[in-house]
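What follows is one structure encoded as structure tokens, with my remarks underneath.
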Amino acid sequence: MSETGYVKYQCEHRVLLPADFAGFEEMNRVRSRLHQLGFIGRYPNGIGFGNISIRAGNSKDFYISGTMTGGLAELTPAHYTKVVAWDFPRNWLQCEGPIQASSESMTHAAIYEQDATACAVLHVHEMELWKRLLDRVPTTRKHVEYGTPEMAAEMGRLFRESDVRERRVLAMAGHEEGIFAFGPTPEEAFEVLEAARRIE
């Protein structure tokens, strides 16, 4: 269901009340800046795009903005959920919180699995930047769709075969406008994205 705005994975969602979590304020500040830049938002047809996540301490779990929140200018803890388990081959994910996890959660999970130093992941959309970065930064193969087990495997390939671990930014050839950046903190991930914007 490419580009439909609906989650593509099987999601087991345990509904819980919103929870405060470490790094929320920094992550939300970065998310607000991305929204102001138009890197996170909503298309005229109502489909939201872009999301942000942060690792939960030293665990494998992470908090991520929920599905269909792209159009909101400001988020609260009620707009984030905790991803606690996933299975790439089954395309299955489990989350706990007030909202279902974003459709890109499996790709976030794949990045966290590949890089233990990655504690924040940004997924943004911006057409001109995407066109400029394609094949100039680590780039996923065009036939690989977002939100699929193949995309999770593609993250593994990039970490094995490219310098994405050092550059901390990648373009998604099969997901128009799609760009990922990551780092030890949300601010550092944002700085990676800002550096990518200066690539001529």
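Could you provide, to the nearest whole Å², the per residue accessible area of segment 88-178 with probe 1.4 Å? Write out the running numbers ahead of the final one.
Numbers: 3600 Å² over 91 residues.
For segment 88-178, the per-residue accessible area is 40 Å².
What list of ³J(HN,Hα) values in whole Hz, one per residue of segment 126-137 in order, does the Karplus curve 6.51 cos²θ - 1.76 cosθ + 1.60 (θ = phi - 60°) give from phi, with Gly and Pro shown as x?
Coupling constants for segment 126-137: 6, 4, 5, 5, 4, 4, 6, 8, 3, 6, 9, 10 Hz.
Can you compute the charge dipole magnitude of segment 125-181 about its Cα centre, using +1 on each Lys and Arg Cβ and -1 on each Asp and Glu Cβ, nothing else charged? Give it in debye, rounded to the nearest 20. Write out the running numbers ahead of the final one.
Working: 10 positive and 11 negative charges, 47 e Å.
Taking the Cα centre of segment 125-181 as origin, the dipole is about 220 debye.
Dipole of the chain, Cα-centred, from +1 at each Lys and Arg C-beta and -1 at each Asp and Glu C-beta, to the nearest 20 debye?
Working: 22 positive and 28 negative charges, 32 e Å.
Dipole size: approximately 160 debye.
How many percent of DSSP beta bridges within segment 123-200 run antiparallel, rounded to 5? Let's see the in-between values first.
Working: 6 of 8 bridges.
Just about 75 percent of them are antiparallel.
Sort 184-193, 87-96 by packing, meaning the average of other beta carbons within 10 Å per residue, with the highest value first.
So the order, starting with the most tightly packed, is 184-193, 87-96.
If R₀ is 30 angstrom, what is the calculated FRET efficiency for the pair GLU194 and ALA85, using the beta carbon separation as r and rounding to 0.05?
Computed FRET efficiency for GLU194 and ALA85 comes out at 0.35.
Keeping the other protein chains in place, figure out the carbon and sulfur percent of the accessible area of the chain, with a 1.4 Å probe.
50 percent
Roughly how many nanometres apart are two label points built 7 Å out from the Cα toward the Cβ at ASP20 and ALA78?
Each label point is offset 7 Å from its Cα along the Cβ direction, giving 1.8 nm.
Could you tell me the distance between the Cα centroids of segment 33-66 and segment 97-167, to the nearest Å?
13 Å
Match the structure shown to one of the listed values [x] -0.68, -1.45; [y] -0.60, -1.48; [z] -0.78, -1.37 of log10 I(q)/I(0) by the Debye sum over Cα atoms at q = 0.13, 0.19 Å⁻¹, computed from it, and give that label.
Checking each listed value against the structure points to [y].
How much FRET efficiency would the formula 1/(1 + (r/R0)^6) give for GLU12 and ARG141, where r is the Cβ-Cβ distance and R0 is 45 Å, rounded to 0.05?
Between GLU12 and ARG141 the formula returns 0.95.
Roughly what % of DSSP beta bridges within the chain run antiparallel, to the nearest 5?
Numbers: 28 of 36 bridges.
So the antiparallel bridges in the chain amount to around 80 percent.
Could you give each residue of segment 82-96 its phi-based ³J(HN,Hα) in whole Hz, using Karplus coefficients 6.51, -1.76, 1.60 with θ = phi - 60°, and x for Gly or Pro?
Once θ is set to phi - 60°, the couplings for segment 82-96 become 9, 8, 10, 7, 7, 9, 4, x, 7, 6, 10, 9, 10, 9, 10 Hz.
When only Cα pairs under 8 Å and 6 or more residues apart are kept, what is the percent relative contact order across the chain?
Details: 436 pairs, mean separation 43.5, N = 200.
22 percent.
Explain nothing, just compute: Karplus ³J(HN,Hα) = 6.51 cos²θ - 1.76 cosθ + 1.60, θ = phi - 60°, for every residue of segment 160-171 in order, whole Hz, x for Gly and Pro.
Coupling constants for segment 160-171: 7, 10, 10, 9, 4, 4, 7, 7, 6, 8, 8, 10 Hz.
The values are calculated or read from the model by the stated rules, or taken from the named source; none is laboratory data. Everything numeric here is computed off the predicted structure, so don't read it as measured data. All Cβ positions, even for glycine, are placed from backbone atoms using ideal geometry, and neighbour counts span all protein chains on display. Side chains are part of the model used for accessible areas, which takes the heavy atoms of the whole protein and leaves out ligands, DNA and RNA. Shrake-Rupley method; radii C 1.70, N 1.55, O 1.52, S 1.80 Å.
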